[in-house]
Amino acid sequence: MLFFSYFKDLVGREVTVELKNDLAIRGTLHSVDQYLNIKLENTRVVDQDKYPHMLSVRNCFIRGSVVRYVQLPPEGVDIELLHDATRREARGG
Amino acid sequence: MVLGVREIRCSGQPVLDSENREELMQVQPGIDIVLGNLPPESPGTLYITTKQVIWVSDVDKTGGYAVDFLSISLHAVSRDPEAYPVPCLYTQIDTEVADDDHSDSESNHIQQDLSNVTEMRLIPSDPSQLDTLFAIFCQCAELNPEPNDEEGEENDWVFSADQMVDEEAEDEGYISHNPANSIGHSNGNNDLARTILELQINDRRFEDAEEMEDNEDGTRH
């Protein structure tokens, strides 16, 4: 649940979602659910030469299980907050 | 579970798996389907259920295609004519082609064609239906989380506090634990510790044997 609440705080920001099939999509985070399914808006594919047909889709739903990485905006990462949250999670609290 | 697109036979409306509580969410007539790079097939009717998407041809009402929501990695509304000439719902399909058996698909040509399909486009005759379709696909995707999620977490690199206590007890005497570093501690380190231990045992045996030989040599001469 840590990542779910963390991603919820990033709604409205620009993120890059890298899928397990190597496709990377950049867009504004519209929403995220408990399965870490991700909805992006105003998306564009990072490597457009490789995936020309994905050029621009207005909105995009990505299944949580196919996500490899989510690249976050540096200003959206509160390291102190993450530290505390991960410690608390590790203690099982 | 079968990943990817599969061909189905039915008579008119597809039969749902009501035993597993599969329910019809939406019926959308006037939908063309494009599988991968195959030519479009049209027209047809789309049946969206709580488990899968089924497209039945209007021409040949006994045939069509089905794909589970579990296999749909991504879906998006495509309106850019450069991406595709007509507005459509674009989907990416997860297949198991990369992993295993080509022998199976070789024996069945229909299966072979479909198992390579990693993209599916659904083209409504009325483009204004696209946003509704997108929303229903989102809704249904959320109804179908990964079935083995809990299992996966057990084997994951994230350990619970209980598991760590157990491991420390097991490893006691082999490696000294720094409690501050225990979060990053994984199975890999344990295996390494065991390997080193085994190596040391082997070394000692080897030394012993040499010593024995030396002694024997010594007594002989």
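From the P(r) of segment B:6-147, could you give the percentage of C-alpha pairs in the tail past 19 Å? Summing the P(r) tail past 19 Å for segment B:6-147 gives 51 percent.
Suppose we look only past 21 Å in the calculated P(r) of chain A. What percent of the Cα-Cα pairs does that tail hold? Every Cα pair in chain A considered, those over 21 Å come to 33 percent.
Solvent-accessible area per residue in chain A equals 57 Å², computed with a 1.4 angstrom probe and all protein chains kept.
Inter-label distance, A:D84 to B:D58: 6.0 nm, where each label sits 7 Å from its Cα along the C-beta direction. Too long at a 27 Å Cα-Cα cut-off: which of A:K39/B:K51; A:K8/A:K50; A:K20/A:K50? With Cα atoms farther than 27 Å apart: A:K8/A:K50. When A and B come together, around 2100 square angstrom of accessible surface is lost from both chains combined, probe 1.4 Å. Taken per residue, the accessible surface of segment B:6-147 reaches 49 Å², heavy atoms only and a 1.4 Å probe.
Only protein atoms count toward the accessible area here, which uses a 1.4 Å probe; on segment A:2-91, the carbon and sulfur part of that area reaches 50 percent.
The values are calculated or read from the model by the stated rules, or taken from the named source; none is laboratory data. What you see is a predicted model; the values in this text were computed from it and never measured. Because the Cβ atoms are built from the backbone with ideal geometry, glycine has one as well, and the counts that use them run over all protein chains shown. Protein only, heavy atoms only, side chains kept; ligands, DNA and RNA dropped before computing areas. Shrake-Rupley method; radii C 1.70, N 1.55, O 1.52, S 1.80 Å.
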